[in-house]
Every structure is written in structure tokens, then in C-alpha cells.
Amino acid sequence: MADKVLTCKDCGAKFTFTESEQAFYKEKGFENEPLRCPDCRKARKQQRNNRDNRGGGRGGFGGGNRRG
Ligand SMILES: [Zn+2]
């Protein structure tokens, strides 16, 4: 195995998916490579936290729970 350079889906930046990260992913059973650079991953996490703090969502957000 060797380090891989991937392109972030969100910002288009190149980031390294290191050997040890690949091993970690494998160990966890993840089949996919990370789509986002560490920065974007962090940003998304924070955004989710912010959203979770807001109670009572009103409006037309259709939650699609389709699988298949
Ligand atoms: Zn990014």
C-alpha cells in the first residue's frame, strides 16, 4: 500500500489519504475512500452540531428515507 492523493469533493483541494489512514478505514470496514479533505470534514461536523441545537424544524424539508 502507498499513500494516495485524493481530490476533495467539496472544495476541490488535493489531500493525502495516507497508508495508515487506509489501514484504519479497512479495519473499520469502510469500503469507500474519503470524499472530502480533513478541513471540509471538520466543517461539516460543526455544521451538523449547529443544526442539532435548533429545535422544532418547520417547513418543507421532505425526509427521504429510501433505500435500495
Ligand atoms: Zn475540502
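Before moving on, here are some points about what is shown:
- Integer Hz, Karplus 6.51/-1.76/1.60 couplings in order for segment 24-41, x for Gly and Pro: 4, 4, 4, 4, 7, x, 6, 8, 9, 7, x, 8, 10, 5, x, 4, 5, 4
- For PHE17, the residues whose amide H sits under 5 Å from its own are LYS4, VAL5, LEU6, ignoring neighbours fewer than 5 places away on the same chain, with H placed 1.01 Å from N.
- Alpha-carbon centroid distance for the pair segment 34-51 / segment 1-24, whole angstrom: 16
- Computed over segment 4-46: relative contact order in percent, which uses C-alpha pairs under 8 Å that are six or more apart: 42
Laboratory data are not the source of any read-out in this text; all were calculated from the coordinates shown. Remember, it's a predicted structure, so these values are computed and weren't measured experimentally.
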